[in-house]
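Just below is one structure, and these are the notes that go with it.
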Amino acid sequence: MSPISFEFALFFLIVLWMNWALRGRGSAYRGFLLAANTLFYASQSTSLVFLPFGVGISNYLFALLISRTKERTLRRIWLCADICINLSFLAFFKYFEFLYHALDSILLPTGLNLHIPLIELYFPIGVSFFTFQGISYCIDVYRDQQKLVRNPVDVLLFVSFFPTILSGPIMRAGQFVPQIDKPDCDSRSLQDAFGLILSGLFKKLVISSYLSEHIVRDVFQVPAANSSLTVLLGVYAYSIEIYCDFSGYSDIAIGTAQLMGFRLPQNFQVPYGVCNMQEFWRHWHISFSTWLRDYLYIPLGGNKKGRLRKYANLMITMVLGGLWHGPHSRFLLWGGLHGMVLALTHSIADIRKSRLSAGKLTKGVAVRSWSVWPSVFKAGAWFSTFSLVSFLWVFFRAEDSSRAMEVFQAVFSFNAVGAGFEPWILPALAAGLIIQFIGPYAIHSFSRVQQRMPVPLQAALLALFCILIIKLGPAGIPPFIYFQF
Amino acid sequence: MKRSKEVTPVKVALLYSMALVLVALAELPRLYSWAEEAQWKLSSGQIFAELGANLFKLLPRASDTPGSSGQDQKDASTRSDLEVTEVAQSTVSEPPSTQNAGQDAAPDSGGGAHTECPVVQDPLQAQSPEIPAPVTSPPKLEPHKALLVGDSMIAEGFGPALQRRLRKYKSLTVVRKGQYSTGFVHQEDFNWTSVLKELIQQDKPDMLVIHMGTNDPIDILDGSSKRLYFGTDEWKEVYASRVGEFLKLISENKIQSFWVGLPIMGSDKYCDKISTINSIFEQECSKVSGCVYFDAWPVLADSSGNYTTFLKGAGGKQTRIRAKDRVHLTEVGGDILSQHFLKSACRYIELPTDDEVSTAKR
């Protein structure tokens, strides 16, 4: 049951009515929501439907142990055990094949060979997301025992909440659990939810699918078959495709949750409108980058243990963040390069800061020199950042590093021969860029217009937009990119 | 009508319900098809079986051999019109290089003459269908424009791998059209015959490779909204007529076509269904002049003819050839299949020699 299918629309219709009929009825509501989560996850043609619940129970028990243990060392041991169990779920289902090959490669030169067959495991969809939620809950309880959730069902609901289980946003228990009893919604958020869902559908069905089908796939599969300009556009198009795909899913998830009275964290905030890489990571996949910051970068020492340590921490965080997507060299390379760029950006900022404090550089000079061409400078910074992000996406999207090199080679060969691109690519690219700026305003305006209308007219308008989006979308819709992670 | 600016949960649920009804009314044909499917799944209990099967499943079930469990099964060796006469596994020990594929690399040619077929560089030792050579050799075509069409199997895996292999040949231009979630069943959404007509007019290909059918093992709702259950004689008749219509268009345009049958699949039931579909493709292909059926079934099977996700290479290293859904091919899997296909196809088409290989060609 894909979130953009008629099955899901019907499933959600029942869930929505029951949600509001049972809201505030304690265990009845919890039972209903748990059943809805289970049914949704079971419908994903996935395996081990009880896995999220296993993760939930294990985290509940460890959090309980941590909260009841006074001794610091023992609490730390419980926390480590919990993290190890969660990571072992991830390692088993996601990294098993990689670990097998790694061990095989180590043993092969020694003459030993792994004679055990490579077993194929089913991949439990969303495992990277719900295990990270589980880990964050236990660490939160370790840091502050007040954050303990008394009711185990609440932890299960938190881990398996159906709008977010497939691809996030990655929630924190402290945000979600209180909303089970007390819906966090008002008139505006309820109305905005429809706009968010429409925005998500438009991004995924119209922009992302179009770019994927008409340029990105061909460019990344057979780069040399295209002209350099087409490949270059394909690189930028993938940036827009992945943004529209993932933020489209996030919009749908946030919108459906909002209709049920749950407010979820933002996942994207104009990520391609920023002027440096530090800013990019504050605006891209926010729930994941803040998770990495709070549960990896800061525990590693963050920026409190000297500059070199800070750069190393940034590098470690980004490499692990890359590998979270999967055990593949392309994610390692992508994460590592982002780490390097971030460390470089921080080091330039640090040098500048120290020179400023030493009086070698005055703020006035910098401001004056920039104030001559502020718009030009800003536009240049924006374009450089967007281009850098787009070129780094090549490593993420290409089959392997040699294919990534093929893409770069095709771009920089300045070859005019080869497949061109359809004229609609350019408006689609522009629409993908513009939608991130105007999206929130469009949603609010849509809500305001709707609020002035009678309900049947509102429904007609909603249906009209929906049908238009369906008609504009392709016959076959590629799956959401982040479902594979 | 009273207008209120306050939005309440009930109002939201009502609004959602009304909008959904309106969308459903606008998409009535699709809804009807979906409702029929859902009703059948519910009444037959299939939906509960699927949900139940998902609860504890950790490892995929080992597939039976298609022959042991399938309907419409035939000996794999009799399923192909093509023959791979030489699988030179021992000549090349390195895996196919993706880096070289778009470069000046020589094609996998076994020699200098036109009539030589490319050598299959398959360190994973995939099996090729072995069929006696045709009694009479058909005249060979020197293709200039190849069109690859199909569903997601052409969009990824086999399609791009074959394109990468084909575009190494100087005289050949390759165009690929892979459309996700399409086939010959839901023609109201995407009609391949109409699309192909446009593609032929636009691209004027002289060689066509077709590889699709993964979305088709489902019931057909014909024009009178009658449900034709998959696998029944009625279903086969309608499905075959649709395939026949598609092939007729190709034949009318005098295009040399190759229908690449679907490879073995990872689930028993699905495997049986795909086998049924493959036999229709093969049967319809044999009725049309200029159409050659290539049996991909055994190419990606293991040495016992069973489904395998990993193929073992010469050094004992296992390589993933199938995607996690056990349907689609990885790029390595696609490349193996495309090499075996080309090896066989060269009985019908003239592929140039090493010195005719160029780089930057579409």
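Bear in mind that the values in this text are calculations on the coordinates, not laboratory data. Since the structure is predicted, the reported quantities are computational estimates derived from the model, not experimental observations. With ideal geometry, Cβ positions are generated from the backbone for all residues, glycine too; neighbour counts draw on all protein chains shown.
FRET efficiency for A:K471 and A:S357, Cβ-Cβ distance as r, R0 = 45 Å, nearest 0.05?
Once the sixth-power term is evaluated, E becomes 0.15.
Segment A:Q266..A:D400, full-extension length gain: 45.1 nm, with 0.36 nm per residue of separation and the alpha-carbon distance subtracted.
Could you sort out which of B:K168/B:K287; A:K204/B:K145; B:K140/B:K236; A:K182/B:K11 sit more than 23 Å apart by Cα distance in this structure? Beyond 23 Å: B:K168/B:K287; A:K204/B:K145; B:K140/B:K236.
Computed about the Cα centre, the dipole magnitude for segment A:6-182 is approximately 860 debye when only Lys and Arg (+1) and Asp and Glu (-1) carry charge, each at its Cβ. Please identify which residues in segment A:443-466 have an amide N closer than 19 Å to a label point set 7 Å out from the Cα of B:K11, following the Cα→Cβ vector. Those under the cut-off are A:443-463.
Under the simplified labelling scheme, the A:L74-A:L464 pair shows an inter-label distance of 6.7 nm, with each label point 7 Å from Cα along Cα→Cβ. Using label points projected 7 Å from each Cα along Cα→Cβ, tell me how many nm separate A:L426 and A:R309, to one decimal. The modelled label-to-label distance comes out at 5.3 nm.
Our summary gives chain A a relative contact order of 20 percent, counting only alpha carbon pairs under 8 angstrom and 6 or more residues apart.
Placing R0 at 60 angstrom, the Cβ-Cβ distance between A:A379 and B:Y229 gives a FRET efficiency of 0.45 after rounding to 0.05. Shown for chain A are the DSSP H helices of 20 Å or more along their axis, judged by Cα atoms, with a mean Kyte-Doolittle hydropathy of at least -1.0: A:6-22, A:26-42, A:51-68, A:72-94, A:127-143, A:187-201, A:228-259, A:307-324, A:329-357, A:374-397, A:425-451, A:455-472. Cβ-Cβ distance of A:A91 and A:V449, R₀ of 51 Å, FRET efficiency by 1/(1 + (r/R0)^6): the value works out to about 0.55.
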